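Colleague: Structure incoming, see below.
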Amino acid sequence: MQGVLCVRHAIAAVALAAAGFAHAHELGGRVVAVQDGDTVTILDAARVQHRVRIAGIDAPEKSQAYGEVSKKSLARLVHGRHVEARCPKRDRFGREVCSVLLGTRDVGLEQVRGGYAWWYREYAREQTPDDRATYEAAETDAREARRGLWGDPAPQPPSAFRRQQTKPRGA
């Protein structure tokens, strides 16, 4: 009986995951703002603005080392340009979390390749196996070549920086 329950739970988990991808929507439009190294605003054809968190990456915060460099890299790549985005979910801040493409170029992957963002391992399960492998290899290559933030002897992941910023003083 316990084995049957495990199988049922596994089937339910797969069905929920598939349902999440089924509800993903696509949008296209012009990037009208770059907030930081992993967040942009896309203006669609109906003139609706979409705040988009780029899936699969975590860029340094603006007040963190390499934060402004990361933002400038993303702006050079996409600001004022037409992009396509596949958005399977929203984050806790209400931003659409999307894979963003500039033509055939994966914008998140370009940020990782250049050393402007980390591959966001905590959310790797949301990527396809091929994307996981590609992003991991891109980060390893950037790290070994000491590109961008990897030129720092001890780069701090944005998640650790955010935790540090929210600690009470004196803790």
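Colleague: Measure off 7 Å from each Cα along the Cα-to-Cβ vector at HIS79 and LYS62, then give the distance between these two points in nanometres to one decimal.
Modeller: Reported label-point gap for HIS79 and LYS62 is 1.2 nm.
Colleague: Work out the charge dipole of the stretch 71-168 with +1 on the Cβ of Lys and Arg and -1 on the Cβ of Asp and Glu about the Cα centre, then indicate which of TYR123, HIS79, GLN164 is farthest towards its positive end.
Modeller: My answer, from the dipole projection, is GLN164.
Colleague: Given H placed on each backbone N at 1.01 Å, which residues far from THR39 in sequence or on other chains put an amide H within less than 5 Å of it?
Modeller: ILE54
Colleague: Multiply the residue gap between LYS72 and TYR123 by 0.36 nm, knock off their C-alpha separation, and tell me the result in nm, one decimal place.
Modeller: 15.9 nm
Colleague: Something else: Across the stretch 79-84, in residue order, what do the Karplus-derived ³J(HN,Hα) couplings come to in whole Hz, using 6.51 cos²θ - 1.76 cosθ + 1.60 with θ = phi - 60° and x for Gly and Pro?
Modeller: Working through the residues one at a time gives 4, x, 9, 7, 10, 10 Hz.
Colleague: In nm, give the distance between the simple-model label positions of ASP91 and ARG105, each being 7 Å from the Cα along the Cα-to-Cβ direction.
Modeller: So the two model labels end up 2.2 nm from each other.
Colleague: Further question: For the stretch 107-171, what is the accessible area per residue in Å², given a 1.4 Å probe and the full set of protein chains?
Modeller: With the other protein chains kept in place, the stretch 107-171 gives 62 Å² per residue.
Colleague: Rounded to the nearest percent, how much of the accessible area of the stretch 59-171 (1.4 Å probe, protein heavy atoms only) is carbon and sulfur?
Modeller: 50
Colleague: Starting from the Cα of GLN156, step 7 Å toward the Cβ, then list every residue of the stretch 64-96 with an amide N under 20 Å from that point.
Modeller: Answer for the stretch 64-96: 64-72.
The values are calculated or read from the model by the stated rules, or taken from the named source; none is laboratory data. As the structure is a computational prediction, the values presented were derived from the model and not from experiment. Glycine also receives a Cβ, built like all others from the backbone with ideal geometry; neighbour counts cover every protein chain displayed. Ligands, DNA and RNA are excluded from the accessible area calculation, which covers all protein heavy atoms including side chains. Shrake-Rupley method; radii C 1.70, N 1.55, O 1.52, S 1.80 Å.
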